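The values are calculated or read from the model by the stated rules, or taken from the named source; none is laboratory data. All values derive from a computational prediction rather than experimental measurement. Heads up, the Cβs are rebuilt from the backbone with ideal geometry, glycines too, and the neighbour counts pull from every protein chain shown. Side chains included, ligands, DNA and RNA excluded: accessible areas come from the protein's heavy atoms. Shrake-Rupley method; radii C 1.70, N 1.55, O 1.52, S 1.80 Å.
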Amino acid sequence: QVQLVESGGGLVQPGGSLRLSCAPSGSAVSMYEMGWYRQALGKQRELVASITRSGSTNYADSVKGRFTISRNNAKNTAYLQMDMLRPDDTAVYYCNARGAPVSYWGQGTQVTVSS
């Protein structure tokens with residue numbers, strides 16, 4: 001069973017930065033399309049960013065120009081660099097690894113943007 005291990009969440013002031021990491025234990029990140037989703041309190045889970053196996057990226061309009069998704073196959077890790085954070089970025093962030101027919105989820109990491 002593949003487990004996605006997430007790290008990097010926390011409390012940050014508006015305008016600050018955080019970097020989330022996601023590593024699949026027992027598998028290789030190179031095998032999957034990787035994505036980051038988030039779920040704010042009382043809202044549905046939404047896609048934040050994704051990156052294909054070949055490196056093509058996709059972003060939600062609300063994070064374009066502020067967030068960057070990347071992958072380092074040598075380190076077996078995917079990342080979400082979050083800059084210029086805003087209070088409305090506050091949510092639990094989930095890592096997803098997808099490779100038909102499987103889809104794995106991380107346990108989630110809390111990101112809170114507040115002064």
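Can you tell me the dipole magnitude for the stretch 57-115 around its Cα centre, using point charges on the Cβ only (Lys, Arg +1; Asp, Glu -1), in Debye to the nearest 20? The partial results should precede the final answer.
Values: 6 positive and 4 negative charges, 47 e Å.
In debye, rounded to 20, the stretch 57-115 gives about 220.
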Round to a whole number: what % of the accessible area of the stretch 30-115 belongs to carbon and sulfur, probe 1.4 Å?
-> 48 percent
For the stretch 46-52, what does the Karplus curve 6.51 cos²θ - 1.76 cosθ + 1.60, with θ = phi - 60°, yield as ³J(HN,Hα) per residue in whole Hz, taken in order and with x for Gly and Pro?
-> 10, 6, 9, 7, 9, 9, 7
Pop out the ³J(HN,Hα) list for the stretch 66-71 in order, Karplus 6.51 cos²θ - 1.76 cosθ + 1.60 with θ = phi - 60°, rounded to Hz; leave Gly and Pro as x.
-> 10, 10, 9, 9, 8, 9
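Using only the Cα atoms, work out Rg/Rh for the chain, with Rh taken as the Kirkwood radius, to two decimals. If you can, show how the numbers build up before the last one.
Numbers: Rg = 13.3 Å, Rh = 14.0 Å.
The Rg/Rh ratio comes out at 0.95.
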